[in-house]
Amino acid sequence: MSEQASKINLLDFNRADMEAFFVEHGEKAFRASQVMQWIHQHGVTDFEQMSNISKALRARLTEIAEIRLPEVIVDQASADGTHKWLLRLDSGNSIETVFIPEGSRGTLCVSSQIGCALDCSFCSTGKQGFNRNLSTGEIISQVLVANKAMGVDKDGERVVTNVVMMGMGEPLLNFNNVVRAMDIMQDDFAYSISKRRITLSTAGVVPALDRLREVSDVSLALSLHAPNNSLRDELVPLNKKYPIKDVLAACKRYIEGHKRRRITIEYVMLDGINDSNAHARELARLLKGVPSKVNLIPFNPFPQSGYKRSPAKRVARFADILIQAGLVTMTRKTRGDDIDAACGQLAGKVKDKTKRTVQGVQLRKRAGAA
Ligand code: SAH
């Protein structure tokens with residue numbers, strides 16, 4: 001067990017890390033691309049099966065390294081084609097990954113943390129508390145597991161075509177591991193997913209958004225949910241630390257210099273809370289001059305949430321006002337809710353919430369002080 005734990009998990013490496021690893025062990029850097037192809041394109045976890053690697057190197061790798069995937073404990077399919085996997089990590093924690101097919105597109109919703117520290121009032125993950133960040137290996141494993149399960153279509157194209165970092169957790173609070181995992185998603189020796197087909201969704205961690213701009217240019221989604229600070233403070237407590245004006249300015253900086261790029265604005269529709277005509281008009285004014293498209297998300301209820309989904313008519317009227325104001329507006333279809341796989345229903349199983357209490361309290365304190 002302890003010997004097992006001390007081995008290097010090659011799933012934690014992007015190509016640069018993998019090359020450095022082989023060079024450090026007296027090997028040629030190109031071994032990295034070979035091994036990455038075995039792992040990510042063929043789903044091979046046993047070094048002995050890597051037939052273009054010498055016997056001696058295979059033996060050495062078996063000694064010092066491993067390819068350790070989380071265990072798939074539940075694999076559920078929804079009537080609408082949505083899939084959900086429950087993956088068991090260490091010490092009884094588990095996370096959820098969801099696959100949503102839509103025409104020729106197959107979107108995988110990936111988690112970045114066990115639980116979440118942000119405690120947005122309408123999100124069931126937040127209610128679970130925060131345990132810890134996922135490692136790079138645990139993040140990319142979700143892509144690996146889904147690809148293994150979904151495979152390729154009749155033309156030989158991968159069924160998983162898109163990734164959204166919209167599962168459990170705040171991806172920008174697990175910056176390095178998320179960026180490294182997104183490198184692997186884009187790598188031609190792994191999944192070759194273009195940056196346009198990878199979307200990072202954030203509640204708006206301003207300094208991390210500025211850092212992200214330096215190292216990545218994946219698509220960006222902002223969980224806005226309210227058109228003014230007093231309402232957003234209530235729904236997304238992080239807003240007390242990074243208010244709307246600062247967050248939108250950071251989003252604009254993120255897409256600066258990228259022609260035709262837009263920020264996706266996510267807006268969960270909560271009955272009687274943020275869904276009035278006045279809210280729609282306020283939102284339209286707020287987004288003037290922000291290259292964006294609005295994604296209205298029907299609220300997905302969970303026990304004790306205290307909120308109700310806005311009626312479909314209300315959502316349609318809200319959307320109309322935005323469209324008339326010139327905003328590209330879509331209403332997200334609710335998928336996979338029969339298997340609790342819809343937005344905000346991902347709960348996994350988060351053990352040991354004590355860590356969150358510490359982090360959560362610190363967060364709120366800082367927010368209060370700001
Ligand atoms: N922390 C990141 C990513 C995870 S949440 C973020 O805040 O963007 C992914 C999306 O699901 C967010 O827009 C989130 O606000 C939304 N969401 C959370 N709970 C929901 C619920 N109960 N119903 C509908 N959408 C929800």
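A few remarks follow.
- For the chain, the longest principal axis of the C-alpha atoms and the axis of helix 312-324 are separated by about 90°.
- The local environment of Asp271, defined by Cβ-Cβ distances under 10 Å, has a net charge of +2 under the rule Lys, Arg +1 and Asp, Glu -1.
- Accessible carbon and sulfur surface of the chain relative to its total accessible area, %, 1.4 Å: 50
- For the stretch 83-159, the relative contact order comes to 20 percent (Cα pairs under 8 Å, sequence separation of at least 6).
- Relative contact order (%) - criterion: Cα under 8 Å, at least six apart; region: the chain: 18
- The calculated FRET efficiency for Asn176 paired with Lys308, based on their beta-carbon distance and R0 = 41 Å, is about 0.60.
- Between helix 277-286 and the chain there is an angle of about 60 degrees, using the helix long axis and the longest principal axis of the Cα atoms.
- Entries of Lys7/Lys148; Lys245/Lys308; Lys195/Lys259 with Cα pairs more than 18 Å apart: Lys7/Lys148; Lys245/Lys308
- Computed from the Cβ-Cβ distance with R0 of 25 Å, the FRET efficiency linking Asp338 to Ala316 stands at 0.60.
- The angle separating the long axis of helix 136-150 from the principal Cα axis of greatest extent in the chain is about 90 degrees.
- Neighbours of Val218, meaning other residues whose beta-carbon lies under 12 angstrom from its beta-carbon, give a summed charge of +3 when Lys and Arg score +1 and Asp and Glu score -1.
- Both radii were evaluated on the Cα set of the chain; the Rg over Rh quotient, with Rh as the Kirkwood radius, amounts to 0.98.
- Val328 sits among other residues whose Cβ lies under 15 Å from its own Cβ, and their net charge, with Lys and Arg +1 and Asp and Glu -1, is +4.
- Counting only DSSP beta bridges with both residues in the chain, the antiparallel share comes to about 45 percent.
- Placing dummy labels 7 Å off each Cα toward the beta-carbon, the span from Asp17 to Gln49 is 2.2 nm.
- Semi-axes of the equivalent ellipsoid for the stretch 3-66, Cα gyration tensor, largest first, Å: 15, 14, 13
The values are calculated or read from the model by the stated rules, or taken from the named source; none is laboratory data. Predicted model, so just to flag it, every value in this text is computed and none were measured. Note that we place each Cβ from the backbone using ideal geometry, even for glycine, and neighbour counts take in every protein chain shown. The accessibility values were calculated without ligands, DNA or RNA, using every heavy atom of the protein model including side chains. Shrake-Rupley method; radii C 1.70, N 1.55, O 1.52, S 1.80 Å.
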